[in-house]
Every structure is written in C-alpha cells, then in structure tokens.
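Asks: Have a look at this one.
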Amino acid sequence: MGYDTDNIFAKILRGEAPAFKVCENDFALAFMDVMPQVDGHTLVIPKDGCEDLLDADPQILGETIQVVQTVAGAVKEAFEAPGVMIAQLNGSAAGQTVFHLHFHIMPRFSGLEFRMHARDMEDFDKLEKHAERIRACL
Ligand code: AMP
C-alpha cells in the first residue's frame with residue numbers, strides 16, 4: 001500500500017491539523033495524544049514519512065528514539081510517575097490506527113488502569129496544560 005501522505009500525523013507535521021506540541025527538533029516532534037489512555041499520554045513521531053518501525057530509516061529512528069528518551073524523562077517528572085511506559089504498534093493486526101511511525105509515552109502508576117485506546121477525546125484546555133507541564137521539565 002505504501003505511506004499515505006494524508007494521514008493525520010503527516011497533516012500535523014505540515015501544519016494542516018492542530019497539535020498540542022511538547023517539543024521538536026530537525027528529526028522528530030512530540031505532542032499530546034488527543035485521546036489519552038492516561039493523563040500525560042504523549043506521542044513522538046519522526047518528521048520523515050514512514051508507516052512503522054519496520055520501514056523506518058535506521059538513522060532517523062536513532063534520532064527519534066533520542067527524543068523519546070528525553071520526553072519520557074520529562075513526562076515521568078511532570079506527572080511524578082514512578083514508571084513510564086513506551087509503546088509502539090506495527091500494523092493494524094497489532095492495533096496500529098495511524099500509519100505514521102509513533103511512540104506512545106505513558107506515565108504509569110501501579111493500580112491505575114488505562115482508558116480505552118484511541119476512544120475518548122480529551123478536553124483541549126487540559127491537553128494544553130499537560131503539554132506545558134511536560135515542557136517545563138525539558
Ligand atoms: P496507534 O493505534 O498506535 O496507531 O495510535 C494512534 C494514536 O494517535 C492513538 O492513541 C490516538 O488517540 C492518537 N491520535 C489520533 N488522532 C490524533 C490527533 N489528531 N492528535 C493526537 N493524537 C491523535
């Protein structure tokens with residue numbers, strides 16, 4: 001099928017769709033998931049268009065994972081979380097719904113369950129406040 005340049009994350013990268021941005025560099029962008037499974041659920045995507053981990057340029061992947069590491073630390077600190085989970089899905093059979101490579105970063109507290117994947121839209125003011133909280137820890 002090939003990479004679809006009209007996917008929602010490609011639109012965010014082109015500025016054609018809004019995002020609650022956390023940070024970016026030449027290679028990657030971090031922003032809030034609009035249907036978070038936990039408060040602080042953040043996504044990191046490469047700026048290069050690729051569907052998933054398997055078709056990513058290894059160098060771009062290396063740059064992107066460095067942003068994942070940095071943002072994961074900031075998310076953990078911002079939400080005072082004892083743990084942080086990184087998730088990354090490849091293919092619809094694995095649950096992937098947006099076909100532009102992305103890493104999920106989710107603060108974790110033992111006993112606190114996840115909300116449903118990609119289901120309920122979060123309040124936009126809350127997302128902006130969460131993005132600000134994470135930016136303050138970068
Ligand atoms: P996946 O199922 O791993 O492909 O995850 C896609 C994620 O993108 C889900 O967690 C969705 O909630 C999230 N998502 C979908 N549309 C947007 C959007 N416009 N801005 C931010 N996150 C989004």
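Asks: At a Förster distance of 35 Å, what's the computed FRET efficiency of Ala87 paired with Asp123, Cβ-Cβ distance as r, to 0.05?
Replies: For Ala87 and Asp123, the calculated efficiency is 0.95.
Asks: Ordered by packing density, taken as the mean number of other Cβ atoms within 10 Å over each peptide's residues, highest first, how do 109-120, 5-16, 92-103 rank?
Replies: 92-103, 5-16, 109-120
Asks: Here is a further query. Lysines near Lys47 by alpha-carbon distance under 22 Å, same-chain residues fewer than 8 away left out - which ones?
Replies: Lys11, Lys21
Asks: Then there is this: Report the per residue volume, in Å³, of the convex hull enclosing the C-alpha atoms of the range 8-136.
Replies: Output value, Cα hull per residue: 103 Å³.
Asks: Given Cα pairs under 8 Å that are at least 6 residues apart, what percent is the relative contact order of the range 10-138?
Replies: The value is 33 percent.
Asks: Report the full-extension gain for the segment Asp6 to Arg135: residue separation times 0.36 nm, less the Cα-Cα distance, to one decimal in nm.
Replies: Computed gain between Asp6 and Arg135 is 43.6 nm.
Asks: Keeping every protein chain present and rolling a 1.4 Å probe, give me the accessible area per residue for the range 8-136 in Å².
Replies: The answer is 52 Å² per residue.
Asks: May I pose another question? So between Leu112 and Gln66, what do we pick up on full extension, going 0.36 nm a residue minus the alpha carbon distance?
Replies: Once the chain is fully extended between Leu112 and Gln66, it gains 13.8 nm.
Asks: Another one. Starting from the Cα of Leu54, step 7 Å along the direction of its Cβ; do the same at Val98; then give the gap between the two resulting points in nm.
Replies: 2.1 nm
The values are calculated or read from the model by the stated rules, or taken from the named source; none is laboratory data. As the structure is a prediction and not an experimental result, all values here were calculated from the model. Cβ sites come from the backbone with ideal geometry, for glycine too, and all protein chains shown count toward neighbours. What goes into the accessible areas is simple: the full protein's heavy atoms, side chains included, and nothing from ligands, DNA or RNA. Shrake-Rupley method; radii C 1.70, N 1.55, O 1.52, S 1.80 Å.
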